[in-house]
């Protein structure tokens with residue numbers, strides 16, 4: 001694709017006119033539909049387990065664990081598949097696989113045969129489909145959008161995702177109340193069908209650098225890990241993300257329990273505070289391009305990571321009462337704004353600097369280290385709470401958030417004031433690639 005040219009070779013795109021890019025509009029619509037539907041399912045499936053199947057606390061914990069496990073087991077192979085095959089095909093395949101799995105839940109409920117093992121299998125397979133879809137989707141964006149538009153595109157994605165996720169969660173709660181937990185899953189079925197239809201409608205001549213099919217899965221994973229480990233900018237970014245993800249995993253394991261049970265918040269108050277916090281994500285994502293243009297991506301990324309542990313400090317001392325609710329809501333707005341701003345910048349930086357043939361594997365390494373560590377973070381949180389209590393566990397999680405700063409400050413990211421907009425293919429010795437058009 002030439003700079004300033006749409007995916008179908010039509011009229012040029014102005015630098016900040018990514019919304020006029022037909023392929024990107026379809027991509028964004030499909031991703032938002034999938035995300036909002038997934039948020040509904042995140043509410044509905046635990047409700048099915050608790051309300052319809054009367055699951056125990058241990059069974060709910062197993063359900064949550066199995067939903068997160070695919071990120072650890074499947075992320076790296078999914079990256080190899082996405083670098084080897086058509087990303088559009090894999091995205092559509094993931095959506096349709098999710099449709100089949102999701103339909104089975106309300107159908108089994110209507111027939112009276114729904115049991116916990118069915119839900120266990122459903123969330124696990126659904127997790128695999130999600131990992132496969134996301135590995136292809138995130139790495140497809142640099143194929144679809146020119147390098148000079150990536151920051152603007154990621155900003156719009158971040159802003160849209162913050163709205164879609166919040167709307168999906170609220171819709172899920174409403175549907176469970178009106179339709180029942182099992183029937184609510186049909187909303188996610190519809191969302192994946194919309195996503196598949198949007199991706200199918202994208203037509204393009206974008207270049208995709210694919211891993212040669214004769215290279216085995218293990219070799220593809222090894223070279224992907226090696227590429228990330230050798231890259232002087234991508235490596236510290238992913239290490240910082242994974243460490244922050246692990247720390248947040250520790251914090252979030254007991255955050256809701258702490259707010260509802262220890263501070264005696266009502267569910268309505270918790271929902272309101274989370275909704276207010278979502279505004280931070282929206283604001284941060286929208287401001288990211290302007291901040292990047294003014295300061296470059298490097299300093300804002302470091303500042304965003306540095307402010308995150310400070311936003312958790314109020315939680316260490318919080319007590320009951322309206323004043324603390326305002327303080328924690330304000331802290332959440334700042335935290336999510338920093339996460340959205342730094343997140344869109346670091347994602348754009350990684351996408352632009354990564355060689356095209358490693359896009360999916362690079363992203364999958366990030367997913368594997370960040371999302372794949374969440375089950376371990378939950379286990380560590382449980383051990384810490386049993387040994388030292390909740391507030392001490394929060395202190396450990398907050399302290400771990402300082403590690404990304406130590407990783408990023410000595411790295412070249414500190415001096416990164418501009419990012420090249422032309423993605424040049426770079427292959428390590430012994431790895432062959434082919435250029436195709438899809």
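Computed from the coordinates by the stated procedures, all read-outs in this text should not be read as laboratory data. From a predicted model like this one, the values you see are computed outputs, not experimental measurements. Neighbour counts are summed over all protein chains in view; Cβ atoms, including those assigned to glycine, are modelled from backbone coordinates with ideal geometry.
Only alpha carbons enter this Debye calculation for the stretch 223-417, each as an equal point scatterer, and the log10 of I(q)/I(0) it gives at q = 0.16, 0.17 Å⁻¹ is -1.05, -1.15.
Connecting C-alpha atoms closer than 10 Å in a GNM of the chain, tell me which of 136, 75, 122 has the biggest fluctuation. Ranking 136, 75, 122 by mean-square fluctuation puts 122 first. Taking other C-beta atoms within 10 angstrom as a stand-in for reagent exposure, 345, 362, 274 fall in the order 274, 362, 345, fewest first. Suppose each label sits 7 Å from its Cα in the direction of the beta carbon; what would the residue 190-residue 89 distance come out to in nanometres? Taking the two extended label points, one gets 3.2 nm.
Here the gap between residue 392 and residue 217, fully extended at 0.36 nm per residue and compared with their Cα-Cα distance, gives a gain of 58.8 nm. Below 8 Å, C-alpha to C-alpha, sequence gap of six or more: please give me the relative contact order for the chain in percent. RCO, the chain: 27 percent.
Among 173, 268, 39, the largest mean-square fluctuation in a Gaussian network model of the chain, built with springs joining Cα atoms closer than 10 Å, belongs to 268. Residues 219, 148, 134, 357, arranged from fewest to most other Cβ atoms within 10 angstrom of their Cβ, appear as 219, 148, 134, 357. Model label sites at residue 50 and residue 118, defined 7 Å from Cα along the beta-carbon direction, differ in position by 2.1 nm.
Taking 0.36 nm per residue of sequence separation and removing the Cα-Cα distance, the residue 406/residue 313 pair yields an extension gain of 31.6 nm. Here the Gaussian network model covers the chain, with springs between Cα atoms less than 10 Å apart; of 346, 68, 151, 68 fluctuates the most.
Nearest 0.05, what FRET efficiency do residue 260 and residue 111 give at R0 = 35 Å with Cβ-Cβ as r?
On the way: r = 35 Å, r/R0 = 1.01.
Once the sixth-power term is evaluated, E becomes 0.50.
Considering only C-alpha atoms, what is the centroid distance from the stretch 39-99 to the stretch 296-328, in Å? Here the two parts' Cα centres lie 30 Å apart. Taking 7 Å steps out from each Cα toward its Cβ at residue 270 and residue 65 produces label points 2.2 nm apart. Legend: P(r) of the stretch 119-250 from all alpha carbon pair distances, 10 Å bins from 0, whole percents, reading 9, 25, 37, 23, 6, 0.
Take the alpha-carbon positions of the stretch 1-207, form their convex hull, and give its projected area averaged over all directions (one quarter of the hull surface) in nm².
That works out to 11.4 nm².
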